[in-house]
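Visitor: Before we start, here is the structure in question, set down as structure tokens.
The values are calculated or read from the model by the stated rules, or taken from the named source; none is laboratory data. Keep in mind it's a predicted model, so treat the numbers as computed, not measured. When we count neighbours, we look across all protein chains shown, and the Cβ atoms used for this are built from the backbone with ideal geometry, even at glycine. Side chains included, ligands, DNA and RNA excluded: accessible areas come from the protein's heavy atoms. Shrake-Rupley method; radii C 1.70, N 1.55, O 1.52, S 1.80 Å.
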Amino acid sequence: MWKSTTRSNCLRSLQAASSRNNSSTQALLFCRTSSMVEKPSTSAALSQPDGQTRNLSDLKFLVNLTDTVFRGKYHGRRKHEDDLQAVLSRSQAAGVKSMIITGGSLHESAQALQLAKKHGLYATVGCHPTCSTEFDKHPAGPDAYLQKLDTLIQSNLTGPGRVVAVGECGLDYDRTHFASPDVQRKYFRIQLTMAKKYHLPLFLHSRSAHEDFVKILREEGFGVDGGRQVGGKGGVVHSFTGTVVECEEYTSMGFYVSLNGCSMKTDGNLLAAKTISLDRIILETDAPWCSMTSTHASRRHLDSLPSDLREIFLPPSTKPENFQHGKMVKGRNEPCTIGAVAWVVHKIHEGVTYEELVGRAWLNTVELFELHEIA
């Protein structure tokens, strides 16, 4: 999921959607930048594919926004002015309500919790595989690093801004220049102890490491029913780009699978995504990464997106150097695109309506992270 070469920001966002009945749709979203998204107040009507209308104020997204590109900085270089507020406005037009802020290191987990508490949101605590060398680099040693992560969780299990998952953790063999496979495996395994101890779901990352990834999960008791027999509470393998066989293994182990634009680049990706049963699907954007582009296999399904939905989920964009107020930035994904992700996933699940897909994804996300107060 991480494509930044600096790994300066390990916070993440997640997204999913929901419908309560035939006349209102809600959504729960995942993505990346930094600031609060307020509850939408618009009462504008949105025409739906079934011919009915829904108020935009009925749509609700959970979104985490934490990357400097939303402040106009790319790899430390400013290309345009800070346009975070415009990003938030576009998100609000899609119904953004709240956020899950995901930690990718000790420092960033603490940062995520501060933001979550300040704004009444949610957070996760963990260390991304490409940050896993931080355990050994900690002045007091790896045990102290783990204990500090543990303390962050223990101190923030209840109330506003609470921890809702352990992660982002896992294995990433595409970027072993950040951390060797041995280091990644060691500290992925260690973090699983916190999920058992605090009975929290896992927010998981796997890239080109499936065999070792599931081996560690199984060895630590997460091979059946998401690890509930050992104190675990399941979890989600996010930004899934694997095979049909890999997907089937995750779901058979009791995990959810999360889809974004990167999950639907090829026909093989679409085939794998199609095999996920509705009771195992979660949706996300992974903004500012994982946009759906004209070269992706998902494009042929996006072509059928109704124009009124396209205006909200895929607004016009310009290159960063040609920045224009009111437009998205080309190549920078935004949380407002979550509806387009949902559209493609619904199209590849033949016989499933957009509302059914969105509703199931919402329920899955609320259930996994126990966000019943916003359901």
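Visitor: So, in the range 219-238, how many residues would count as being over 15 Å from MET194 (Cα atoms) and open to solvent by 60 Å² or more (accessible area, probe 1.4 Å)?
Guide: Residues that pass the stated criteria total 3.
Visitor: Identify the residue in the range 85-131 that is over 28 Å from CYS169 (Cβ atoms) and in contact with a Leu (Cβ under 9 Å, 6 or more places away or on another chain) and, among all such residues, is modelled with the lowest pLDDT.
Guide: Step one: list which residues in the range 85-131 are over 28 Å from CYS169 (Cβ atoms), which gives 85-86, 88-90, 92-95.
Now narrow it down to the ones that are in contact with a Leu (Cβ under 9 Å, 6 or more places away or on another chain): 88, 92-95.
Working: LEU88: 75, GLN92: 74, ALA93: 83, ALA94: 81, GLY95: 65.
By that ranking, first place goes to GLY95.
Visitor: I've got another one for you. Among the numbered criteria (1) open to solvent by 30 Å² or more (accessible area, probe 1.4 Å); (2) more than 16 Å from CYS290 (Cα to Cα), which one does LYS330 miss?
Guide: Result: LYS330 fails condition (2) only.
Visitor: State all residues of the range 294-310 that are more than 17 Å from GLY339 (Cβ to Cβ) and either of a type in the set (D, E, K, R) or loosely packed, with under 15 Cβ neighbours inside 10 Å (or both); if no residue qualifies, say none.
Guide: Once the filter is applied, which keeps residues that are more than 17 Å from GLY339 (Cβ to Cβ) and either of a type in the set (D, E, K, R) or loosely packed, with under 15 Cβ neighbours inside 10 Å (or both), the range 294-310 yields SER294, THR295, ARG300.
Visitor: Still on this structure, please answer the following. Check whether at least one residue in the range 207-218 is among the basic types (Lys, Arg) and in contact with an Asp or Glu (Cβ under 9 Å, 6 or more places away or on another chain), and report yes or no.
Guide: First pass over the range 207-218, keeping only residues among the basic types (Lys, Arg): 207, 215, 218.
So of that shortlist, the ones also in contact with an Asp or Glu (Cβ under 9 Å, 6 or more places away or on another chain) come out as 207.
Looking for residues that are among the basic types (Lys, Arg) and in contact with an Asp or Glu (Cβ under 9 Å, 6 or more places away or on another chain), one finds at least one in the range 207-218, hence yes.
Visitor: Residues that are touching a strand residue (DSSP E or B) at 6+ places or on another chain (Cβ under 7 Å), of a type in the set (Lys, Arg) and under 17 Å from VAL236 (Cβ atoms): does the range 309-332 have at least one?
Guide: No - not one qualifying residue is present in the range 309-332.
Visitor: Another one. Anything in the range 164-180 that is in contact with a Pro (Cβ under 9 Å, 6 or more places away or on another chain), over 15 Å from GLY104 (Cβ atoms) and open to solvent by 30 Å² or more (accessible area, probe 1.4 Å)? List them, or say none.
Guide: TYR173
Visitor: A further question follows. Enumerate the helices (runs of 4 or more DSSP H) found wholly within the range 285-357, keeping only those where 2 or more residues are closer than 17 Å to LEU88 by Cα.
Guide: Details: elements: 299-302, 307-313, 338-348.
Output list reads 307-313, 338-348.
Visitor: Among the residues in the range 197-218, are any within 20 Å of the chain's Cα centre (by Cα) and open to solvent by 60 Å² or more (accessible area, probe 1.4 Å)? It would help to see each step written out before you state the result.
Guide: Taking the range 197-218 as the starting set, the residues that turn out to be within 20 Å of the chain's Cα centre (by Cα) are 200-210, 213.
Checking the rest, the ones that are also open to solvent by 60 Å² or more (accessible area, probe 1.4 Å) come to 208.
Yes; the residues of the range 197-218 include at least one that is within 20 Å of the chain's Cα centre (by Cα) and open to solvent by 60 Å² or more (accessible area, probe 1.4 Å).
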